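Undergrad: Before I ask anything, here is the structure I am working with.
The values are calculated or read from the model by the stated rules, or taken from the named source; none is laboratory data. Please read these numbers as outputs of a predicted model, since none were measured by experiment. Cβ placement follows ideal geometry from the backbone for every residue including glycine, while neighbour counts extend to all protein chains displayed. With ligands, DNA and RNA removed, areas are computed over all heavy atoms of the protein, side chains included. Shrake-Rupley method; radii C 1.70, N 1.55, O 1.52, S 1.80 Å.
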Amino acid sequence: MQKNLIHSLTSSGQLNAVLADKISQMEDVKTGIDFIQALCRLNDHTNEQQIAESLSRLHQVPYCDISQIDLSQINKEKLNEKLIHKHQCLPLFTRGRIQFLATVNPQNYAALEDFQFSTGFSADFICVEASQLHKAIDSIFDHDDGLGLSDFDEEELIGVEVTEEKSQDEKDAEDKDDAPIVVYINKILLDAIKKGASDLHFEPYEYKYRIRFRIDGVLQEVASPPVNLSSRLAARLKVMSRLDIAEKRKPQDGRIKLKISKKKSIDFRVSSLPTMWGEKIVMRILDSSSAMLGIDVLGYEEEQKQHYLSALEQPQGMILVTGPTGSGKTVSLYTGLNILNTEERNISTAEDPVEINLEGINQVQINVRADLTFANALRSFLRQDPDIVMVGEIRDLETAEIAIKAAQTGHLVMSTLHTNSAAETLTRLINMGVPAFNIASSVSLIIAQRLARRLCKHCKVPEDIVPPQQELIDFGFKPEQLQGLTLYKPVGCDLCSMGYKGRVGIYEVMPITPAIGKMIMEHGNSIQIAEKATEEGVDNLRMSGIRKVVQGMTSLAEVARVTNH
């Protein structure tokens, strides 16, 4: 497929010969979806739709836009999940005795033979876009979120492998009596992954022990084991994290790599904290796949996405992402870094902590005890010929000054701040002591963001009582948005959590235009800058959230929750 596709794209002028030769020699993306995603990443002039249409013409098979198909009509019980994942082919429908398979590789004749043997039907291909196929397969088999967890049985959980090297003391701590604890902890961790939790909290109290998951940004109690197991649960988690099990008076930090299958492992960041009734353990699930999602699935409106991509294309300047903890700032930054991550660029990041490992990017873990601060790491980066620099957070004037100097001297700098809106980010830098003219000349784009829970498409229903129009206008709706408006509310079903499943990004994307730059120079406050940005067509967080309500993605109450500050 690859040679024919590259030749077709080169002949049509969508791919130049030099890049075609480079792609042909790539060894790690030789099949299917991986190859097409690599091709799109390396070639700015080619997108997945063009590739699918080229393959359709080349092999004389139909092209289909999966996003226009109602996947809920597909009977999952009749699908062969192993074949679908093996060949990355999805049966869409049957006509007579012919089953039509969505694919990105119409030369995958082995898939045709396997599906024909499995179903007894003839099989034929339909060309589709790679990311749409991947998303469709994940949505149909969402019981395991594509992690391969469906192969596990509770009786087998003791066999889940934790990649760790244990000392003799740690081995002695795991006697035979702890086998049930090992099984129980493994089950809790796997349940958290299956349910899409971002954090796990193990909390001891005087008369109770509770375990909570943060799912879609909200904590929920999922278990309450006997309180007398508190110390054994904490000890097991500390052994897995390679923490000192004898030290119970000081906070400790560690990591776990949980191997759940031969090809899949999940990282956890672990923090222990002494409390009055024992050690509280908090674990954050570090999902590297979230950094590979691509900008199209993060929830940016088209104009917002173009502003971000335009800023990423600039050879120098500063992009700032702002919002509270847990608002998705890291994913936004990593998504931008993945777009920029090519062989021609030298990219370095300073993070505290390094949450997700990105191949091809030089990531530095901040270590204050060793005097490796954000500022010192940034100084070192500038001596190593960087093209792009990412600083996990601008916390002080020293870091801000070095970052701005880098942005003014031919480097693209990306970082975060903890502010409530894009405009407040500018005033925060001024309050830190950064001169206004430096801010106006170096900052190119500011993104403020929140994560709102997404309504479950299986159980959401229209609101029974719709607020009066004036109340909606006061909330932020434009009069034209009220025409034919349907507001939805959560209900709750077996497929979701309290009526919500997943989250969607709400963004305020503010380019620093000449007019806003002038206001910065004149020391305008955040309210004046925000009003000017609105005049120039920038949606604030509330307006962006309302767009998601109009589109039926989330509820009015959820937008109010995440945008009230």
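Undergrad: Which one of the conditions (1) surrounded by 13 or more Cβ atoms within 10 Å (Cβ to Cβ); (2) part of a helix (DSSP H, G or I); (3) over 26 Å from the mean Cα position of the chain (by Cα); (4) not β-branched (Val, Ile, Thr) does GLY545 fail to meet, given that it meets all the rest?
TA: Checking GLY545 against (1) surrounded by 13 or more Cβ atoms within 10 Å (Cβ to Cβ); (2) part of a helix (DSSP H, G or I); (3) over 26 Å from the mean Cα position of the chain (by Cα); (4) not β-branched (Val, Ile, Thr), the one that fails is (3).
Undergrad: Please work out if THR325 is under 23 Å from ILE285 (Cβ atoms), of a type in the set (S, T, N, Q), at pLDDT below 90 and assigned to a helix (DSSP H, G or I).
TA: On the way: under 23 Å from ILE285 (Cβ atoms): yes; of a type in the set (S, T, N, Q): yes; at pLDDT below 90: yes; assigned to a helix (DSSP H, G or I): no.
Here the answer is no, as THR325 does not meet what is asked.
Undergrad: If I ask for residues that are out of contact with any Ser or Thr (no Cβ under 8 Å at 6 or more places or on another chain), in contact (Cβ under 8 Å) with a residue 60 or more places away in the chain and open to solvent by 10 Å² or more (accessible area, probe 1.4 Å), which ones from region 311-329 would you list?
TA: Result: PRO315, PRO324, THR325, GLY328.
Undergrad: A further question follows. May I ask you to list the residues in region 165-198 that are at pLDDT below 85, within 19 Å of LYS257 (Cα to Cα) and open to solvent by 40 Å² or more (accessible area, probe 1.4 Å)?
TA: Hits for region 165-198 are GLU165, LYS166, SER167, LYS171, GLU174.
Undergrad: Still on this structure, I have one more. On the given criteria, is VAL413 assigned to a strand (DSSP E or B), closer than 19 Å to MET318 by Cα and within 27 Å of the chain's Cα centre (by Cα)?
TA: In short, yes.
Undergrad: I'd like to verify a number: residues in region 509-529 that are part of a helix (DSSP H, G or I) and in contact with a Ser or Thr (Cβ under 7 Å, 6 or more places away or on another chain), how many? If you could, list the steps in order and put the result at the bottom.
TA: Initial filter on region 509-529 (part of a helix (DSSP H, G or I)): 514-521, 526-529.
In the following step, the residues that additionally are in contact with a Ser or Thr (Cβ under 7 Å, 6 or more places away or on another chain) were identified as 526.
Matching residues across region 509-529 total 1.
Undergrad: Condition test on LYS548, is it more than 21 Å from TYR300 (Cβ to Cβ) and of a type in the set (Lys, Arg)? I'd like the intermediate steps shown before the answer.
TA: On the way: more than 21 Å from TYR300 (Cβ to Cβ): no; of a type in the set (Lys, Arg): yes.
It is false that LYS548 is more than 21 Å from TYR300 (Cβ to Cβ) and of a type in the set (Lys, Arg).
Undergrad: So how many residues does region 358-392 have that are closer than 14 Å to SER348 by Cα and either part of a loop (DSSP other than H, G, I, E, B) or acidic (Asp, Glu) (or both)?
TA: 11
Undergrad: Looking for whichever is within 31 Å of the chain's Cα centre (by Cα), assigned to a helix (DSSP H, G or I) and crowded, with 17+ Cβ neighbours inside 10 Å here; the options are ILE446, ILE506, ILE439. Which one fits?
TA: Numbers: ILE446 fails: assigned to a helix (DSSP H, G or I); ILE506 fails: assigned to a helix (DSSP H, G or I).
So the residue among ILE446, ILE506, ILE439 that is within 31 Å of the chain's Cα centre (by Cα), assigned to a helix (DSSP H, G or I) and crowded, with 17+ Cβ neighbours inside 10 Å is ILE439.
Undergrad: Among the residues of region 486-503, which ones are modelled with pLDDT under 90, assigned to a loop (DSSP other than H, G, I, E, B) and not charged (D, E, K, R)?
TA: Result: GLY492, CYS493, LEU495, CYS496, MET498.
Undergrad: Can you tell me which residues in region 549-565 are part of a loop (DSSP other than H, G, I, E, B) and open to solvent by 70 Å² or more (accessible area, probe 1.4 Å)? Write out each step before concluding.
TA: To start, the set of residues in region 549-565 that are part of a loop (DSSP other than H, G, I, E, B) comprises 551-555, 564-565.
Within region 549-565, GLN551, ASN564, HIS565 meet the criteria.
Undergrad: Yes or no: VAL368 touching a strand residue (DSSP E or B) at 6+ places or on another chain (Cβ under 6 Å), surrounded by fewer than 20 Cβ atoms within 10 Å (Cβ to Cβ), of a type outside the set (Ser, Thr, Tyr) and modelled with pLDDT under 90?
TA: For VAL368, the condition - touching a strand residue (DSSP E or B) at 6+ places or on another chain (Cβ under 6 Å), surrounded by fewer than 20 Cβ atoms within 10 Å (Cβ to Cβ), of a type outside the set (Ser, Thr, Tyr) and modelled with pLDDT under 90 - is not met.
Undergrad: Further, regarding this structure: Tell me which strands (runs of 3 or more DSSP E) are completely within region 199-304 and hold 3 or more residues being β-branched (Val, Ile, Thr), open to solvent by less than 70 Å² (accessible area, probe 1.4 Å) and modelled with pLDDT of 95 or more, or say none if there are none. It would help to see each step written out before you state the result.
TA: Details: elements: 209-215, 218-223, 252-259, 265-275, 278-286.
Here the list is empty.
Undergrad: In region 432-451, what residues are in contact with a His (Cβ under 8 Å, 6 or more places away or on another chain) and over 27 Å from TYR334 (Cβ atoms)? Even if it seems obvious, please write down each step before you answer.
TA: Residues of region 432-451 that are in contact with a His (Cβ under 8 Å, 6 or more places away or on another chain), as a first pass: 436, 445.
Once the filter is applied, which keeps residues that are in contact with a His (Cβ under 8 Å, 6 or more places away or on another chain) and over 27 Å from TYR334 (Cβ atoms), region 432-451 yields only ALA436.
Undergrad: Considering only region 406-442, state which residues are without any contact (Cβ under 8 Å) to a residue 12 or more places away in the chain and touching a helix residue (DSSP H, G or I) at 6+ places or on another chain (Cβ under 8 Å).
TA: Of region 406-442, the ones without any contact (Cβ under 8 Å) to a residue 12 or more places away in the chain are 428, 431, 435.
None; the set is empty.
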